Amino acid sequence: MAARLVAGVDSSTQTCKVVVCDAATGAVVRHGRATHPDGTEVHPEHWWRALHRAIDDAGGLEDVAAIGIAGQQHGMVCLDEEGEVVRDALLWNDTRSAQAAEDLVADLGGPQAWADAVGSVPVASFTVTKLRWLAEHEPAAATRVAAVCLPHDYLSWRLRGSHDIAQLRTDRGDASGTGYWSPADGVYRDDLLRLALGRTPLLPRVLTPQSAIGTTSRGALISAGTGDNMAAALGLAMVPGDVTVSLGTSGTAFASTPVPSADPSGAIAGFADATGAFLPLVCTLNAARVMDAAAHLLAVDHRRLSELAMSAPPGAGGLVMVPYLSGERTPNLPNTTGALHGLTDATMTPAHLARAAVEGMLCGLADAVDALGKGGASNERIILIGGAARSAAVTAIAPALFECPVVLPESAEYVAIGAARQAAWALDGGNRPPDWETRRRVLAPERSDAAVRQRYAEAQPHTLARLSVAPKS
Ligand SMILES: Nc1ncnc2c1ncn2[C@@H]1O[C@H](COP(=O)(O)OP(=O)(O)O)[C@@H](O)[C@H]1O
Ligand SMILES: O=C(CO)[C@@H](O)[C@H](O)COP(=O)(O)O
């Protein structure tokens, strides 16, 4: 008998990826991908078209029994009464709502009040701050908003063939990134929406992890879907003691915990996961694209960038890159810029610069892992995934910087695999997701790069603001 197949989608910032897996074992039988447009505001129609191109690239879905969609978190998708998109979606990495975030935090009575309410202190990434920005800067558009949903909610809804906004559905994981849904209590906080938008639009109904939202026109079950980080956690079958570090467009460090977190410092976002548990997460805006920018600057490909980085000594002879190319989210410095410190006759070379780029990116993530640890998440090992984890230099340097064993799962799209595993779970209807095996390689630290992190810590506070927010004369 032919294996039963399920599909998983990762509609992430730069790319849409589709995997088709054996529902029983999780083995990937085929896959496809399509790119998204650049920029921090995107019309959701682009994601819908990319989804179809990626499905075609993966050989279609005719033989698939169920599909799950995971998507970049937080993106504000506004729909009118007819289900039409009101304006381009503002993405998680769009920082224009930084002031709105500060105002919202003050309006509710400070960071502790937000941590108590929704487990997170909102920064510009959170949907709630984007709604406040919309109400203040585009009041005509804000008035047209009848429903607000997230990228994965929108794609699942369209895949089901819906036009009715009352049919929008989401899951706990993605809902927890809005800033108006409480992971601890499992309810929307209408009061916070009113604080942002002045009223409560229609919101997707939040489904339990193994639910289905309906079927495609060809009868494949559509599972609840989730945010991309929650799907990665599901794809990797994380256990207590695991911290995953994902080096995609965003850099994220997250753990799986049985209890919700509520960090008033704002470093840890207290998300829910896609299994009914919780996913404390620290996110940076600067990960794989730092590698892209360094390669571009040096006019080399990723392979050569990696060779260059490996040819320079640990610490790059004192050259430090603070990699805030997109501003930064953790620490919360939306208007900052990056910096290079420690230039000398000896360090101003392509090799030193390549090494400083890899180390700077990883130091930001090592700080993120430390922040998770302060919040109570023990890290016995780091699981490294995402596009930049394909770099040999990144995987070679990571164990010494994280000072702990680094697990490299075999190269695969774990967000899409997690979404496929969720689809298999919805198909089964059991209490637990199906057991899928992942092959892994473990790299033990052979030295400690504590001195590299120390020098990064000295350099990190010394950055300039963006010119567009130049000081008033
Ligand atoms: N060998 C490599 N070394 C460093 N970066 C890489 C490598 N291969 C891909 N990347 C980068 O990884 C990023 C894509 O990673 P991915 O995890 O798919 O991101 P996202 O899910 O945010 O779209 C791109 O910026 C890409 O250029
Ligand atoms: O904002 C967050 C997490 O809070 C990001 O992790 C986004 O979910 C985008 O993910 P990638 O496209 O980088 O995978």
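Residue-by-condition table, conditions (1) in contact with a Lys or Arg (Cβ under 7 Å, 6 or more places away or on another chain); (2) in a loop (DSSP other than H, G, I, E, B); (3) modelled with pLDDT of 95 or more; (4) open to solvent by 10 Å² or more (accessible area, probe 1.4 Å):
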residue	(1), (2), (3), (4)
V19	no, no, yes, no
V29	no, no, yes, yes
D38	no, yes, yes, yes
D56	no, no, yes, yes
G59	yes, yes, yes, yes
G83	no, yes, yes, yes
R96	no, yes, yes, yes
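Residue check, G83 against (1) under 22 Å from S326 (Cα atoms); (2) touching a helix residue (DSSP H, G or I) at 6+ places or on another chain (Cβ under 8 Å), all met but one. Which one?
Unmet condition: (1).
Criterion first (in a helix (DSSP H, G or I), at pLDDT 95 or above and within 16 Å of ligand 1 (Cβ to nearest atom)) does A398 satisfy it? Let's see the steps before the verdict.
Numbers: in a helix (DSSP H, G or I): yes; at pLDDT 95 or above: yes; within 16 Å of ligand 1 (Cβ to nearest atom): yes.
Here the answer is yes, as A398 does meet what is asked.
With respect to L197, determine if the residue is crowded, with 17+ Cβ neighbours inside 10 Å and away from ligand 2 (no atom under 16 Å from the Cβ).
Here the answer is yes, as L197 does meet what is asked.
Only one of (1) within 16 Å of ligand 2 (Cβ to nearest atom); (2) in contact with a Leu (Cβ under 8 Å, 6 or more places away or on another chain); (3) open to solvent by less than 20 Å² (accessible area, probe 1.4 Å); (4) not charged (D, E, K, R) is not met by G235, so which one is it?
(2) is the only condition that G235 fails.
Suppose we filter region 400-452 for residues that are open to solvent by less than 30 Å² (accessible area, probe 1.4 Å), over 30 Å from I69 (Cβ atoms) and of a type outside the set (D, E, K, R); how many remain?
Adding up the residues that qualify gives 5.
Output the strands (runs of 3 or more DSSP E) that fall wholly within region 214-305 and possess 3 or more residues being in contact (Cβ under 8 Å) with a residue 60 or more places away in the chain and under 27 Å from L168 (Cβ atoms), or say none. Working first, answer last.
Details: elements: 221-223, 242-247, 251-255, 269-272, 278-284.
The strands (runs of 3 or more DSSP E) meeting that bar are 221-223, 269-272, 278-284.
Sort through S411, S378 and tell me the only one that's at pLDDT below 95 and closer than 23 Å to S120 by Cβ. First the steps, then the outcome.
Values: S411 fails: closer than 23 Å to S120 by Cβ.
The unique qualifying residue is S378.
If you scan region 295-308, which residues turn out to be among the hydrophobic types (A, V, I, L, M, F, W, C) and either surrounded by 15 or more Cβ atoms within 10 Å (Cβ to Cβ) or more than 27 Å from the chain's Cα centre (by Cα) (or both)?
A295, L298, A299, V300, L305, L308
Within the set of pairs 6 or more residues apart or between chains, which connect a residue that is over 23 Å from I268 (Cβ atoms) inside region 372-400 to a residue that is β-branched (V, I, T) and surrounded by fewer than 21 Cβ atoms within 10 Å (Cβ to Cβ) with Cβ atoms less than 9 Å apart?
These pairs meet every condition: G387/T15.
Is it true that A117 is of a type in the set (A, V, I, L, M), touching a residue at least 40 places away in the same chain (Cβ under 8 Å) and farther than 30 Å from L51 by Cα? Reasoning before the result, please.
Values: of a type in the set (A, V, I, L, M): yes; touching a residue at least 40 places away in the same chain (Cβ under 8 Å): yes; farther than 30 Å from L51 by Cα: yes.
For A117, the condition - of a type in the set (A, V, I, L, M), touching a residue at least 40 places away in the same chain (Cβ under 8 Å) and farther than 30 Å from L51 by Cα - is met.
Quick one: in region 309-326, of everything that is among the aliphatic types (A, V, I, L, M) and open to solvent by less than 20 Å² (accessible area, probe 1.4 Å), which residue is nearest to the chain's Cα centre (by Cα)?
V322
Residue-by-condition table, conditions (1) out of contact with any helix residue (DSSP H, G or I) (no Cβ under 6 Å at 6 or more places or on another chain); (2) within 16 Å of ligand 1 (Cβ to nearest atom); (3) open to solvent by 10 Å² or more (accessible area, probe 1.4 Å):
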residue: T347; (1), (2), (3): no, no, no
residue: L353; (1), (2), (3): yes, yes, yes
residue: G360; (1), (2), (3): yes, yes, no
residue: C363; (1), (2), (3): no, no, no
residue: A366; (1), (2), (3): no, no, no
residue: A371; (1), (2), (3): yes, no, yes
residue: E380; (1), (2), (3): yes, no, yes
residue: G386; (1), (2), (3): yes, yes, yes
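Can A2 be described as open to solvent by 20 Å² or more (accessible area, probe 1.4 Å) and assigned to a loop (DSSP other than H, G, I, E, B)?
On the way: open to solvent by 20 Å² or more (accessible area, probe 1.4 Å): yes; assigned to a loop (DSSP other than H, G, I, E, B): yes.
Considered against the rule, which asks whether it is open to solvent by 20 Å² or more (accessible area, probe 1.4 Å) and assigned to a loop (DSSP other than H, G, I, E, B), A2 comes out as yes.
The values are calculated or read from the model by the stated rules, or taken from the named source; none is laboratory data. Just so it is clear, the model here is predicted, and its values are computed rather than measured. When we count neighbours, we look across all protein chains shown, and the Cβ atoms used for this are built from the backbone with ideal geometry, even at glycine. With ligands, DNA and RNA removed, areas are computed over all heavy atoms of the protein, side chains included. Shrake-Rupley method; radii C 1.70, N 1.55, O 1.52, S 1.80 Å.
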